[in-house]
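What follows is one structure encoded as structure tokens, with my remarks underneath.
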Amino acid sequence: MKVRITKPAQRRLRQIDDYYRKKGNRSHVTKLKKDIKKKSELLSQNPELGQEEDYLKELGQGHRYVIVTKLYKLIYLVAAPFIFITDVFDTRQNPNDMHP
């Protein structure tokens, strides 16, 4: 399956990038992007790899997640022939801020 990153997830990545750029820690974002790429490759081979995302369960769309680093998780949705990454969520934030 092919992995696609939605516009909300791209915006979230830009926000993360901006935050760490201001903090002077670009290496953190570089590592995060590498880890996202690795997880995306794994997901393309095994779309059911992640667990169901409890906070989005009520939508009934089957959102799942995989942990990317200690602080971030990829929220994704399988809609063959694609896997859509809908959010790169910072686990230190309020789960209600998660993008479906």
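To the nearest whole percent, what portion of all C-alpha pairs in the chain is separated by more than 16 angstrom?
53 percent
Say R0 is 22 Å: what FRET efficiency, to the nearest 0.05, do Q45 and T69 get from their beta-carbon distance?
After rounding to 0.05, the efficiency reads 0.60.
Excluding residues fewer than 8 places away in the same chain, name every one of the aspartates and glutamates whose C-alpha is closer than 19 Å to that of K57.
Filter leaves E48, D87, D90, D97.
Ordered by residue, what ³J(HN,Hα) values in Hz, to whole numbers, does region 33-40 give under the Karplus form 6.51 cos²θ - 1.76 cosθ + 1.60, where θ = phi - 60° and Gly and Pro are x?
The phi angles translate into 5, 4, 5, 5, 4, 4, 5, 4 Hz.
Cross-link candidates for K34: which aspartates and glutamates have Cα within less than 12 Å, leaving aside residues fewer than 8 places away along the same chain?
Counting by Cα, and skipping residues close in sequence, K34 has no aspartates and glutamates nearby.
Coordinate-derived values only; no laboratory data. Just so it is clear, the structure is predicted and the values come from calculations on it, not from any experiment. Every residue, glycine as well, gets a Cβ built from its backbone with ideal geometry; the counts of neighbours run over all protein chains shown.
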